[in-house]
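Data first, discussion second: the structure below is written as structure tokens.
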Amino acid sequence: MIFIYDLRPRPVQEDPFKKAQHTFEPHQKGVYKYKGIYIVKGQWSLLITKKREEEEALNIIEKIKNEQFDEINNCFLNKKPYDMAIIFQSLPERHRAAVLHYLEDSTLASIIQKLNVTHQLELISKIGPTRANKILSLLDSSFLTALLRKFPKIQLENFLGEMDDQYASYIKKMIDYPADSAGSLMTNNYVSIRSSFTVAEAVEKIKSLALYSESINHLYVVDELGNLTGMVSYRDLILTDMNETLANIMFEQVICVSVYTKRAEIARLLSKYDFTALPVVNEEDKLVGIITFDDMVDIIIHEASDDYTKLSATSKEIDFDTKPFKAAVRRLPWLIILLFIGLLSGSIIAKFESTLNQVVALAFFMPLIAGMTGNTGTQSLAVVIRGLAEQEIDVRTVFKLVFREFKVSLIIGVTCGILISLIAFIWQGNFYLGLVVGSSLFLTLILGTLAGTIIPLILYKFKLDPAVASGPLITTVNDIFSLITYFTIASWFISKLV
């Protein structure tokens with residue numbers, strides 16, 4: 001399937017370069033460069049900079065002091081929602097209440113979309129329930145659903161009670177879907193048309209609904225029961241005879257997802273196909289929504305962020321604004337678990353205390369053996385996690401992957417083992433010490449690589465998120481393997497090492 005993208009730049013209402021050309025480096029006529037990004041004069045909106053952010057905030061504060069309250073909302077006009085949120089957050093806390101009072105509902109709705117969850121809930125609590133309901137009703141359904149999940153149950157019921165019954169029913173159904181499913185990510189702002197419509201009728205319907213639709217690049221064709229039967233691009237419509245019916249020109253092999261499709265599966269699908277929007281159907285194959293392009297980007301970013309936080313054994317809810325105590329509480333569970341697992345390493349060293357006392361030089365290479373084993377395990381883990389995110393696996397793929405990683409570990413083990421053997425021999429002047437250190441590193445690199453490969457595959461088999469086999473966990477487990485291997489081999493050669 002080939003999708004046509006309209007990449008022509010869209011003009012904006014005002015020329016921002018007249019106000020702040022000093023923040024940009026002239027590149028060529030009509031083109032400016034800022035931090036490696038090329039901005040076309042009169043075509044794209046001005047990127048907000050730290051200096052401009054401060055200037056905008058000072059301007060708003062000045063208007064508050066001069067009681068020019070009617071002009072506060074004008075300070076946010078013709079700006080992107082992200083820029084609005086940045087300027088709003090840069091204001092001192094004591095001035096935000098005044099700004100909230102004089103901002104229009106549509107402006108506040110734009111700002112809310114770009115705040116983190118904590119600041120969203122704080123803002124809503126400050127403006128009161130009545131105005132909050134008006135502002136939230138302006139938000140996209142997918143964003144609104146994600147936000148309402150954070151509401152207390154009583155507040156949620158009050159909000160839904162003031163909405164239109166049909167829309168409230170739709171939002172409630174979206175909230176009931178799993179948080180990481182397509183049903184909670186979709187929007188109902190799309191255009192669907194019956195297959196019996198002519199091209200002329202379809203174009204007229206698009207014109208009447210264009211302002212309310214998230215995307216009009218593609219139209220979704222449904223039958224009398226609302227079942228998805230095909231898709232027509234807007235390009236095909238304008239190139240086709242106006243009296244032709246959609247049933248004759250629609251593309252029938254439409255890729256869609258179920259309302260229960262997981263976000264990770266959607267991300268995997270997006271890596272294979274080019275979409276501008278992805279239709280979502282319910283259990284009866286009826287079209288109930290679409291996932292728009294910007295939501296697709298959010299899905300990919302969220303999945304990458306989610307996997308990264310799990311690999312590092314941290315919480316995805318921690319950001320720059322999280323309070324120290326709360327951040328510590330969210331990190332502690334994993335760290336405490338790893339602490340007790342790490343105690344096993346201490347008990348292993350204690351068990352081989354006599355060996356270590358006889359050959360103190362063994363202690364010189366302990367951090368190296370443990371560190372190298374943990375590093376190779378984490379590398380294998382990253383390879384497996386990325387592979388699982390990109391494709392489905394079967395038994396053949398598993399054996400192929402494990403065997404491939406085993407061969408990789410052999411190459412790495414032989415190379416690093418020989419290198420450290422020579423270094424240990426030259427440094428300590430003991431051939432057998434070099435042999436012990438080199439052979440230990442060789443075996444532990446193999447064990448570490450296989451552990452980083454097999455552990456996430458086992459978790460995946462049991463329907464658990466393989467990313468929980470985080471880097472710190474793999475490193476800690478490999479520390480135990482490496483110490484046991486190292487001291488066991490050293491004890492075999494203790495007579496040659498003393």
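Rundown of residues vs (1) modelled with pLDDT of 85 or more; (2) under 35 Å from the mean Cα position of the chain (by Cα); (3) of a type in the set (Val, Ile, Thr), yes/no style:
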residue	(1), (2), (3)
Ile216	no, yes, yes
Leu239	yes, no, no
Met242	yes, no, no
Tyr273	no, yes, no
Thr276	no, yes, yes
ask   = If you check Val359 against the conditions, is it in the same structural domain as Leu450 (by TED's automatic domain parsing) and surrounded by 14 or more Cβ atoms within 10 Å (Cβ to Cβ)?
value = yes
remark   = Matching residues in region 227-257 (touching a residue at least 60 places away in the same chain (Cβ under 8 Å) and closer than 21 Å to Asp274 by Cβ) number 6
task = May I ask you to say which residue of Leu419, Leu441 is surrounded by 22 or more Cβ atoms within 10 Å (Cβ to Cβ), assigned by TED's automatic domain parsing to the domain that holds Leu473 and under 18 Å from Leu362 (Cα atoms)?
result = Leu441
key: Subset of region 393-419 [among the aromatic types (Phe, Trp, Tyr) and touching a residue at least 40 places away in the same chain (Cβ under 8 Å)]   = Phe406
key: Odd one out for Ser195, checked against (1) more than 25 Å from Ile111 (Cβ to Cβ); (2) touching a helix residue (DSSP H, G or I) at 6+ places or on another chain (Cβ under 7 Å); (3) surrounded by fewer than 16 Cβ atoms within 10 Å (Cβ to Cβ); (4) not charged (D, E, K, R)   = (3)
key: Neighbours by Cβ (under 6 Å, 6+ apart or cross-chain): first from region 445-458, outside the structural domain of Glu405 (by TED's automatic domain parsing); second at pLDDT 90 or above   = none
Residue identified as out of contact with any Asp or Glu (no Cβ under 8 Å at 6 or more places or on another chain) and in a helix (DSSP H, G or I) among Val402, Val383 = Val402
query = In this structure, is Glu157 at pLDDT below 85, surrounded by fewer than 18 Cβ atoms within 10 Å (Cβ to Cβ) and of a type in the set (Asp, Glu)?
reply = yes
ask   = Can you spot a residue in region 38-51 that is part of a loop (DSSP other than H, G, I, E, B) and modelled with pLDDT of 80 or more?
value = no
query = Mind checking whether some residue in region 64-75 is assigned to a helix (DSSP H, G or I), in contact with a Lys or Arg (Cβ under 7 Å, 6 or more places away or on another chain) and farther than 25 Å from Leu136 by Cβ?
reply = yes
ask   = Picking from Lys126, Lys173, which residue would you name as being more than 26 Å from Cys256 (Cβ to Cβ), of a type in the set (D, E, K, R) and not assigned by TED's automatic domain parsing to the domain that holds Met296?
value = Lys126
ask   = Within region 105-148, which residues are surrounded by fewer than 17 Cβ atoms within 10 Å (Cβ to Cβ) and either at positive phi or of a type in the set (Val, Ile, Thr) (or both)?
value = Val117, Thr118, Gly128, Thr130
note = If you go through Ile299, Ile318, Ile291, the only one that is touching a helix residue (DSSP H, G or I) at 6+ places or on another chain (Cβ under 9 Å), closer than 30 Å to Leu270 by Cβ and modelled with pLDDT under 70 is Ile318
ask   = Out of Leu138, Leu121, Leu100, which single residue is in the same structural domain as Arg52 (by TED's automatic domain parsing) and outside any helix (DSSP H, G or I)?
value = Leu138
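The rows are residues; the columns are (1) crowded, with 19+ Cβ neighbours inside 10 Å; (2) touching a Ser or Thr at 6+ places or on another chain (Cβ under 9 Å); (3) of a type in the set (Gly, Ala, Ser); (4) within 22 Å of Thr292 (Cα to Cα).
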{"residue": "Ala202", "(1), (2), (3), (4)": "yes, no, yes, yes"}
{"residue": "Lys205", "(1), (2), (3), (4)": "no, no, no, yes"}
{"residue": "Glu214", "(1), (2), (3), (4)": "yes, yes, no, yes"}
{"residue": "Val221", "(1), (2), (3), (4)": "yes, yes, no, yes"}
{"residue": "Leu225", "(1), (2), (3), (4)": "no, no, no, no"}
{"residue": "Gly230", "(1), (2), (3), (4)": "yes, yes, yes, yes"}
{"residue": "Ile238", "(1), (2), (3), (4)": "no, no, no, no"}
{"residue": "Asn243", "(1), (2), (3), (4)": "no, yes, no, no"}
remark   = Across region 341-380, the tally of residues that are outside any helix (DSSP H, G or I) and of a type outside the set (Val, Ile, Thr) stands at 1
inquiry  = Given the criteria in a helix (DSSP H, G or I), modelled with pLDDT of 85 or more and more than 23 Å from the chain's Cα centre (by Cα), does Ala132 qualify?
reply    = no
ask   = Among the residues of region 395-409, is there at least one that is among the aliphatic types (A, V, I, L, M), assigned by TED's automatic domain parsing to the domain that holds Pro472 and modelled with pLDDT under 85?
value = yes
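The values are calculated or read from the model by the stated rules, or taken from the named source; none is laboratory data. Being a predicted model, the structure only gives us computed values, none of them experimental. Neighbour counts run over all protein chains shown; Cβ positions are idealised from the backbone, glycine included.
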